[in-house]
1. Based on this model, can you work out whether Thr346 counts as without any contact (Cβ under 8 Å) to a residue 12 or more places away in the chain and surrounded by 13 or more Cβ atoms within 10 Å (Cβ to Cβ)?
2. So which residues in the range 316-340 are within 27 Å of His81 (Cβ to Cβ) and β-branched (Val, Ile, Thr)?
3. Thr346 versus (1) at pLDDT 95 or above; (2) hydroxyl-bearing (Ser, Thr, Tyr); (3) over 27 Å from the mean Cα position of the chain (by Cα): which is the lone unmet condition?
4. Within the group Ala64, Ala35, Ala12, which residue is over 18 Å from Gly108 (Cα atoms), in the same structural domain as Thr148 (by TED's automatic domain parsing) and in a helix (DSSP H, G or I)?
5. For the range 101-118, how many residues are of a type outside the set (S, T, N, Q), out of contact with any strand residue (DSSP E or B) (no Cβ under 6 Å at 6 or more places or on another chain) and touching a residue at least 12 places away in the same chain (Cβ under 8 Å)?
6. Within the range 230-254, track down each residue that is touching a residue at least 24 places away in the same chain (Cβ under 8 Å) and part of a helix (DSSP H, G or I).
7. Quick check on Ala64: is it at pLDDT below 95, farther than 30 Å from Asp139 by Cβ and surrounded by fewer than 18 Cβ atoms within 10 Å (Cβ to Cβ)?
8. Restricting to the range 219-269, name every residue that is within 23 Å of Pro329 (Cα to Cα), acidic (Asp, Glu) and modelled with pLDDT under 90.
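The values are calculated or read from the model by the stated rules, or taken from the named source; none is laboratory data. All figures in this text were calculated on a predicted structure; none of them were measured in a lab. When we count neighbours, we look across all protein chains shown, and the Cβ atoms used for this are built from the backbone with ideal geometry, even at glycine.
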Amino acid sequence: MTTPFDPQYLAALTARARSPLGPPLRVQLDRSDGAFGELATLLTRHNGLTAFNAGLQVFRAGTAGLGPDLQTWNHPQTWKHTYEGLADGLLCFAQDLFGVQFALDNEGHVVRFDPETAERTALGDSLEDWAQWLLADPDVRGAHAFATSWQDRHGALAHDQRLIPLRFFTLGGTYEDNNLAVKEAAHCMRIRGPLAQTLYSLPDGAPFQMTSTPPPNDPELLSHHELEVFADYSTLLIQDDDARLGEPEPAWFDTLVEDWINTAPGVVGIGAARPFDVPVTVDVRRKPPIDDALELQQAEHVTQASLALPSGRLLISMQDFDDELPRIPLTPGTYAVRVYSHGLHTISEDGLEGEDRYHVVLWPTDEDHPAQVLKRYPEPLPGG
């Protein structure tokens, strides 16, 4: 039995929406069955719309109009390529304030697609089912209340803009103003693709990371991670998840032991004082730290290098690629890596005990930073 178009709930949704976002068109999709036919009819009648004070946006069709268009939005290179297959088979036709996608899958189901986890939640088999689901709780499912309060405080969003958390909701981020930024909608999706890949690939129950809340007065801090990492042979590799060090020349490790810093493609090697689990704190920043004079003074050894991170997944270990090791999601690109080593003076004579700790700071860069020592420990480095 074919669900009729414009029954009760869909009619109620369109009645409270603002439309159109584009000029009138007769819309035809590659499929006309079920919800696909309903979507074509909806866009023919209302070529794109917003509802719940822009908490919900249905994409328009055609090349002219406001906000994303249906065809460009679903082109693989717009944002889906960053999900590496996790968003395939979806015709995304709408999104909420935070970029949660509403889509039709290959079976004709209406699904909710979470941009941080790539999780798909079935909402029904028709746009009527979808509209009923939205109207059951528009403040939550359509972000109505939040969209209203946000725009009352900050002004209206443009049709091509969405909100994105600086610290992802999945990783403990909040809905407070200082954790939210306005960005172009497709860019928001591209930022979260690598995170979704990482979370999707982890086995059930695998630890992702231990986190603490970023200081609320530091808007440049994107994410904060507290780890315990095994420093095999008193060294650690900060690397792209797809990079492999292989078998470098002995001189490569000689430099690493001497300076506690060396690089290879996709890899930054750093030294550690003890060949055990050591505390490593990782901060990902928007820009280089400009207020680190105190830490530069307190740290006993400071190094820096650049790291290419095409996969968008950062791994810290020593030639260990176990699936249960935490990966840190980052926007793919090149990063500067600065390492502050603390507590080296506390290492026991046998090198087995101590209160050493390591603070790794990353930020995006267009420059090629050579491996260098910014501050050298005045005595022979431990662990060699």
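1. yes
2. Ile316, Ile328, Thr331, Thr334, Val337, listed by residue number.
3. (1)
4. Numbers: Ala64 fails: in a helix (DSSP H, G or I); Ala35 fails: over 18 Å from Gly108 (Cα atoms).
Answer to the check: Ala12.
5. In the first step, residues of the range 101-118 are kept if they are of a type outside the set (S, T, N, Q); the result is 102-105, 107-116, 118.
Retained after the next criterion (residues that are out of contact with any strand residue (DSSP E or B) (no Cβ under 6 Å at 6 or more places or on another chain)): 107-108, 114-116, 118.
Of the ones still in play, those that are also touching a residue at least 12 places away in the same chain (Cβ under 8 Å) are 108, 114-116, 118.
Number satisfying all stated conditions: 5.
6. Once the filter is applied, which keeps residues that are touching a residue at least 24 places away in the same chain (Cβ under 8 Å) and part of a helix (DSSP H, G or I), the range 230-254 yields Asp232, Tyr233, Ser234.
7. Details: at pLDDT below 95: yes; farther than 30 Å from Asp139 by Cβ: yes; surrounded by fewer than 18 Cβ atoms within 10 Å (Cβ to Cβ): yes.
In short, yes.
8. Glu220, Glu226, Glu228
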